[in-house]
Each structure stands twice: as C-alpha cells, then as structure tokens.
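J.: Sharing a structure below in structure tokens format, with a few things to ask.
The values are calculated or read from the model by the stated rules, or taken from the named source; none is laboratory data. Since the structure is predicted, the reported quantities are computational estimates derived from the model, not experimental observations. So basically every Cβ, Gly included, is an ideal-geometry build from the backbone, and we count neighbours across all protein chains shown. SASA here: full protein model, heavy atoms, side chains in, ligands and nucleic acids out. Shrake-Rupley method; radii C 1.70, N 1.55, O 1.52, S 1.80 Å.
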Amino acid sequence: VSPSSSIVVLDSGLGGLTVVRALQAALPQEHVLYFGDTARVPWGNKSPANVCAFVRQIIAYLRPHDPKHVLLACNTATALALSVVRGDFPGLSISGVIEPGARAAIEAAGAKAEPVIGVIATEATVRSKAYERAIHRRRHYARLLLRPTPLLVPIIEEGRTAEDPLVRLALRQYLRPLLERHIDVLVLGCTHYPMLKGLIAHMVGGRVRVIDSAEQCAEDVAKRLRAAGLMRAAGDGQSSERLRCFVTDDSARFGLLASRFLQRTVDAPTLVPLDDLTRAGDAVRPMRRAG
Ligand code: DGL
C-alpha cells in the first residue's frame, strides 16, 4: 500500500455514490474504486450472514488492487458486517458510515438535554440496533425513534426522483409517525436517502435538522489517511482515473444514474459476474462453505 493506492468504496447499489461525491469534494486528488452490487440490491432485507458474505466477496475481489482504505458506504453493511470483515482482512484498513452519522446527529442536536432523534434506515439496520448503540454511547439521554423505510432503496435504484408521486407518497407515510412525535433531528440512516434530501428536508420542515453522514464520512477517511501517511499528493495522476465503477448487473442503467447524480460523465462500469465474486469470497473463508 502507498499514497498512490486507491480507496475502495462499496454499497449494494447507487447509494454509496452520495459518499463518493463528498469524498471527492474533500479529497479531489484521490482515486476511488466504487463497487455497486446491483444484481443483489437491496441488502436491507437480507440476513446478516448473506450481507457479510456479499461484503467479504466484494473486498476479496478488489483486494488485488491493493487499496489503502475500504469504506463500507452502506449503513446495512456497516451495521451487519463491519466487525466481521475487519476480522477477515486483518491487514486492511476498513471503516463504515454509522459512527460518523451518529456523531453528526449529536452535533446537530446541540445543547438540548433530551433531544428527540429520528432515524430512517433499512429493516436490517434498524434491527441491528447499531444506531442506538452509537448514539447512546455519546448522549445517554437522547430519545431515539427508528423507522424502517424498506421501499426507498428500490424506488431510488429504479431512477425515480423527488418529483415522482410514488416517492412523495412513500415518504409521507414513512415520515408521518416521526413528525407526530416532534423529532428535532432526522438521520438519513441509509446512503441512498441523501438522493432525496431536498424533498425530505422540505417535508419535515425547517425546525428539523436533516443529517446525512457523507461529509463526516469523508472527513473520517481523510483523518485515517493522514494518520497513516497515505494521502495522495495533489496533481498526482490523471483526473480521468479518479473514479472507476464495478457493478454486478445492468451496467447501462447504473452509468446513466451515476452520471445524473454526480453531474458529470462516469465511465461505463465494469460488469462483474457473481461467480467471480463467489470465488473471491471462498478464497477468504474456504471452510465456511464446506461447513
Ligand atoms: N445504501 C444502503 C444502506 O446504507 C442500502 C442497503 C440496501 O440495499 O437495502 O443501508
């Protein structure tokens, strides 16, 4: 590993691009390898064992690129798989999005003694209680309301935007119980949701602070690279190499939606067959499948 190595960013689909955008704004000289597991999205309704296997396979597949850091740009993966894959890849620096998100939520709650913090996330993230742990460790008296919002990831992956009536209907239903309980802060506990941040902020009104952890995540990665002496020097490398994408299905749609979201042309992603991923994962834990 050297300062010129890439950063791997992974998610079940498009959502992690919200973190890539913040990462590239904070660290414009860095090169990112982005993996979206579009054949198996959504992850948020899958079992912990499957999500761990998916994340392990993706890291194993990209390992030959010798990344200097791996960011799980997915709350579901962070909640279910971060500690497991850290054990699987002991020499590799791996981080997630929940700690930076919890930090941002507490900062937004300000001095209020018992802030009411709402979190919308996938079913798996809510069930894991990872946000409760991360927030209560920092602010014992925060009141937390977690709400699974399972339709949002498929809706966003389909390319539906804030103007779509279906998106508005789903959000209205999901947000109503949180608004009735007068939340002070709303955490977007899934990296897909910032794609609808403007609409969500409008729906909850100006009194509620809406938190997406992308910027905190970018800062967190920058801090880790600085501490390890692995920051890439400015002007090192071609700008066209800054983002390379890998997907497991429908690369044309991904390219289109990724370009729309990042507001620049994204090179056609590399299509990775699921068999290749399975093989890479099996090489990490050969006993797993046998048992
Ligand atoms: N972006 C992922 C997250 O942050 C979505 C998971 C899913 O595919 O359901 O949780």
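J.: If each DSSP helix of 4+ residues adds -39,500 (n - 2.57) and the sum is divided by the residues in the chain, what number results at 222 nm, nearest 500 deg cm²/dmol?
T.: Result for the chain: -14500 deg cm²/dmol, rounded to the nearest 500.
J.: Give me the percent relative contact order of the range 1-74, please, defined on Cα pairs under 8 angstrom at least 6 residues apart.
T.: Relative contact order comes out at 56 percent.
J.: S93: accessible area at probe 1.4 Å, nearest 10 Å²?
T.: Its heavy atoms expose roughly 50 Å² to the probe.
J.: Rounded to the nearest 10 Å², what accessible area does H140 have for a 1.4 Å probe in the complete protein model?
T.: 130
J.: At R0 = 41 Å, how high is the FRET efficiency between L256 and K129 if r is their beta carbon distance? Nearest 0.05 is fine.
T.: For R0 = 41 Å, the calculated efficiency reads 0.65.
J.: If you wrap a convex hull around the Cα atoms of the range 161-239, how much volume per residue is inside, in Å³?
T.: Measuring per residue, one finds 137 Å³ for the Cα hull of the range 161-239.
J.: Right, another one. For the range 161-291, what is the relative contact order in percent, using Cα pairs closer than 8 Å and at least 6 residues apart in sequence?
T.: That works out to 16 percent.
J.: Moving on to the next point. Probe radius 1.4 Å, ligands and nucleic acids left out: which of Y131, Y61 has the largest accessible area, and how do the rest follow?
T.: Y61, Y131
J.: Calculate, for H65 and L179, the FRET efficiency according to 1/(1 + (r/R0)^6) with r their C-beta to C-beta distance and R0 45 Å; round to the nearest 0.05.
T.: Efficiency at R0 = 45 Å is approximately 0.50.
J.: Which residue fluctuates most in the GNM of the chain (Cα springs below 10 Å): Q216, Q173, Q24?
T.: Q173
J.: On to the next question. What are the trypsin sites (Lys or Arg not before Pro) within the range 184-272 that DSSP puts in a loop, where the Cβ has at most 14 other Cβ atoms within 10 Å?
T.: Passing sites in the range 184-272 are R207, R264.
J.: Relative contact order for the chain using alpha-carbon pairs under 8 Å, separation at least 6, rounded to a whole percent?
T.: 28
J.: Please report how many Lys pairs in the chain have alpha carbons closer than 28 angstrom, counting only residues at least 8 apart along the chain or sitting on separate chains.
T.: 8
J.: Quick one: among P64, P150, P42, which has the greatest mean-square fluctuation in a GNM of the chain with alpha-carbon springs under 10 angstrom?
T.: P64
J.: Another one. Mind telling me which of S95, S47, S12 comes out most flexible in a GNM of the chain, alpha-carbon contacts under 10 Å?
T.: Residue with maximal mean-square fluctuation among S95, S47, S12: S47.
J.: Please list T265, T270, T191 in order of solvent-accessible area, largest first, computed with a 1.4 Å probe with all protein chains present.
T.: T265, T270, T191
J.: Among the complete DSSP H segments of the chain, which ones combine at least 18 Å of alpha-carbon extent along their axis with a mean Kyte-Doolittle hydropathy of 1.0 or more?
T.: Counting only whole DSSP H runs, the qualifying helices are 48-62.
J.: Something else now. So how much slack lies between H140 and R226, counting 0.36 nm per residue of separation and subtracting their Cα-Cα distance, in nm?
T.: 27.8 nm
J.: Name the long-range amide H neighbours of I94: under 5 Å, sequence gap of 5 or more, or other chain; modelled H, no Pro or chain starts.
T.: V70
J.: Using a 1.4 angstrom probe, figure out how much accessible area the chain has per residue, in square angstrom, rounded to the nearest whole.
T.: In whole numbers, the chain has 44 Å² accessible per residue.
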